[in-house]
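What follows is one structure encoded as structure tokens, with my remarks underneath.
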Amino acid sequence: MTLRSITGTRGMAVAPHALASQSALEVLREGGNALEAMMAAAATITVVYPHMNSIGGDSFWLFHTPYSGPRGIDACGAAARAASTEWYAARGIAQAIPFRGGVAANTVAGTVGGWKLAHSIGRKWGGRMPLRRLLADAIHYAEHGIAVTASQSSATAAKHGELESQPGFRATFMPGGIPAMGSVFRQPRLAATLTRLASAGFDDFYRGRLAQAIARDLAAAGSPLAPDDLRRHRARFVMPLVLQHSLGAIYNLPPPTQGIASLLILGILDALEVGKAAPAGADYVHLAVEATKRAFAVRDHVVTDPAYMTVDVQELLAPAKIRQLARNVDRARAARWGAGRAPADTVWMGVIDGKGRAVSMIQSLYHEFGAGIVLEESGITWQNRGCSFALDPVALNCLRPGRKPFHTLNPALAVLRDGRTIAYGTMGGDGQPQTQAAVFTRIAHFGMDPQQAVSAPRWLLGRTWGQTSDSLKLESRFSTGVVADLARRGHEMEVLGEYDEAMGHAGAIVRHTNGVMEGGADPRSDGCVAAF
């Protein structure tokens with residue numbers, strides 16, 4: 001059975017959980033703009049997909065209007081001022097920061113700061129919806145409960161051994177054991193926290209009564225974060241990176257995100273004329289994987305907190321540099337591949353309103369359930385993004401007080417020469433740039449509609465959500481001939497399920513020049529496209 005794209009003309013939203021898409025749609029129906037709709041979706045998704053993201057995590061935003069250029073929001077939290085290699089050494093930690101517990105909760109959560117900036121721009125777009133309205137669905141679902149998804153149930157079952165001893169985890173996520181799919185899950189403390197934010201404003205998270213409660217509970221859990229770290233945090237506007245592609249302009253975010261990798265892959269594929277390959281053939285997958293290896297090598301050599309960088313990553317997107325990378329691709333043989341980045345739990349969502357204003361947003365906890373700690377007073381699950389810092393003082397991403405961590409998060413958006421706008425993205429660590437490449441090339445080069453592009457069989461080199469091996473992974477819907485051909489070229493492979501959640505939760509919205517929108521949601525997720 002072929003899934004078809006959902007269409008609309010007045011507004012559209014896509015998210016990996018249907019309730020988040022519907023929260024956005026209701027705001028659009030009430031006259032809200034794309035940023036207001038995304039805020040509603042962002043709040044709802046923290047409640048209904050709690051293993052994937054939280055207000056205790058980070059987010060990045062990319063938005064564009066037909067009458068102005070693109071802008072981005074960096075809502076990444078920095079490391080605590082007390083967080084240092086010496087701080088960890090004093091606690092007997094010298095090799096690597098643990099993935100779980102208070103010592104992993106070493107960076108400020110930036111998400112709510114991102115909401116604040118997005119809300120300010122939404123006001124400039126004519127938005128008038130109060131915070132209480134934008135957070136209403138999230139508050140309701142937290143207070144009255146949601147049906148547990150298969151994704152949440154399976155993530156809890158897979159990770160409870162390393163999580164149930166963390167402060168607050170068992171009481172919050174396993175009060176009666178591993179929650180069954182379809183059981184009712186309530187978060188009353190989080191409901192009260194969201195209600196507080198709706199009335200006191202988003203600054204309360206960093207500089208108010210809520211901030212004081214957060215700081216107390218982080219300290220009790222053994223985190224190095226202090227009240228001053230919260231007070232110092234500010235989300236900021238950033239200028240997106242842009243790839244001048246043969247089909248148009250493709251945008252993504254600068255460091256500390258891996259947006260440069262996503263754009264390099266598409267640039268290399270463009271230089272290799274990927275559109276001449278068969279859309280389900282071995283040549284297509286091979287070129288995409290080889291482009292990924294070149295892009296990741298650049299990423300791993302240069303990307304860190306921009307305050308510590310000496311390279312202008314926009315210059316790396318110059319046509320001559322991309323052509324040089326493309327020339328190194330062997331069409332007949334796989335290059336050697338080392339270790340990838342760590343897996344990541346994330347949600348991507350997109351909204352386009354009736355005036356053509358587009359938002360691409362990504363929100364994350366890093367690993368499943370983040371650091372695994374749930375703050376006693378507020379019910380907030382805190383991220384473990386800072387466990388990606390190295391304790392080796394010569395490493396590119398070495399821990400320093402106040403430093404931002406490297407981020408796999410990167411929302412994407414394209415404006416094609418034919419007038420179409422595409423908001424697209426996915427969750428999934430190393431898989432994010434690769435799935436973005438698959439979705440974009442299938443829409444822009446091969447003429448697929450968004451649902452076809454998102455649903456089609458996917459590949460992934462390296463690690464993503466729920467995976468620890470660095471092999472090339474293929475969904476089993478690829479033909480045996482494609483698998484055999486790739487093996488002959490030297491790829492080390494694993495074959496996964498037909499629609500495997502390890503491939504991430506992707507989505508895409510295309511707005512045509514006549515105002516018609518088409519959207520596709522990932523059948524690997526619990527999401528949907530909502531439109532009117």
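Do any helices (runs of 4 or more DSSP H) entirely within the range 1-105 hold 1 or more residues that are aromatic (Phe, Trp, Tyr), and if so, which? Can you show your working first?
Numbers: elements: 18-29, 34-48, 85-89.
The helices (runs of 4 or more DSSP H) meeting that bar are 85-89.
Open to solvent by 40 Å² or more (accessible area, probe 1.4 Å) and either among the hydroxyl-bearing types (Ser, Thr, Tyr) or at pLDDT 95 or above (or both) - does that describe any residue in the range 418-436? Spell out the reasoning first.
First pass over the range 418-436, keeping only residues open to solvent by 40 Å² or more (accessible area, probe 1.4 Å): 418, 420.
Narrowing further to those that are either among the hydroxyl-bearing types (Ser, Thr, Tyr) or at pLDDT 95 or above (or both): 418, 420.
Yes - at least one qualifying residue is present in the range 418-436.
So, in the range 388-405, of the ones that are within 17 Å of the chain's Cα centre (by Cα) and open to solvent by 10 Å² or more (accessible area, probe 1.4 Å), which residue ends up modelled with the lowest pLDDT?
Kept after step one, since they are within 17 Å of the chain's Cα centre (by Cα), are these residues of the range 388-405: 388, 404-405.
Retained after the next criterion (residues that are open to solvent by 10 Å² or more (accessible area, probe 1.4 Å)): 388, 404.
Numbers: Ser388: 94, Lys404: 97.
Residue satisfying both the conditions and the ranking: Ser388.
Answer with yes or no whether Glu273 is out of contact with any helix residue (DSSP H, G or I) (no Cβ under 7 Å at 6 or more places or on another chain) and open to solvent by less than 10 Å² (accessible area, probe 1.4 Å). No: the conditions fail for Glu273.
Ser246 fulfils the conditions (1) open to solvent by 60 Å² or more (accessible area, probe 1.4 Å); (2) closer than 30 Å to Pro70 by Cα; (3) in contact (Cβ under 8 Å) with a residue 60 or more places away in the chain; (4) of a type in the set (Gly, Ala, Ser) except for a single criterion, (3). Residues in the range 4-27: is at least one among the β-branched types (Val, Ile, Thr), surrounded by 24 or more Cβ atoms within 10 Å (Cβ to Cβ), farther than 19 Å from Ser364 by Cβ and at pLDDT 95 or above? Checked the range 4-27: at least one residue is among the β-branched types (Val, Ile, Thr), surrounded by 24 or more Cβ atoms within 10 Å (Cβ to Cβ), farther than 19 Å from Ser364 by Cβ and at pLDDT 95 or above. In the range 133-177, the qualifying residues are those that are touching a Leu at 6+ places or on another chain (Cβ under 9 Å) and of a type in the set (Gly, Ala, Ser), and the one that is most open to solvent (accessible area, probe 1.4 Å) is Gly168. crowded, with 24+ Cβ neighbours inside 10 Å and under 24 Å from the mean Cα position of the chain (by Cα): is that true of Val285 in this structure? Against the criterion (crowded, with 24+ Cβ neighbours inside 10 Å and under 24 Å from the mean Cα position of the chain (by Cα)), Val285 qualifies.
The values are calculated or read from the model by the stated rules, or taken from the named source; none is laboratory data. Quantities reported herein were computed from a predicted structural model and do not represent experimental measurements. In this analysis, Cβ positions are derived from the backbone assuming ideal geometry, glycine residues included, and neighbour counts consider all displayed protein chains. Note: accessible area is taken over every heavy atom of the protein model, side chains too, but ligands, DNA and RNA are not part of it. Shrake-Rupley method; radii C 1.70, N 1.55, O 1.52, S 1.80 Å.
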